[in-house]
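S.K.: Can you read through this structure? Questions will come right after.
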Amino acid sequence: MPTEMRLQRQLEHNKKLREQYERDRISVSQASILLIQFCQARRDMFIPTVWGEVDKKDDPFEVQPTGCGCSIM
């Protein structure tokens, strides 16, 4: 019985490996090009050295004032 279980696990593992092998893939150079295009098309607020300083009103991480600007403590 243990031998049959081991064989079954090995067959399942081989099936999963075969499925992964048959997936569509792209080359590393193509993936690099796509990554560069993605990064150039989206402004990253965490890298001001590349994109320049961000205005407070454009910064999605800056708390925007609402109402009269008063705060209750």
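S.K.: Need the list of aspartates and glutamates near residue 57 for cross-linking: C-alpha distance under 17 angstrom, and skip anything on the same chain fewer than eight residues off.
M.R.: Cα-Cα hits under 17 Å: 44.
S.K.: Taking the Cβ-Cβ separation of residue 62 and residue 14 as r and a Förster radius of 35 Å, what is the calculated FRET efficiency to the nearest 0.05?
M.R.: 0.05
No lab work stands behind these numbers, since they all come straight from the coordinates. Keep in mind that what you see is a predicted model, and the values were worked out from it rather than measured. Here Cβ is always computed from backbone atoms with ideal geometry, including for glycine, and neighbour counts include all displayed protein chains.
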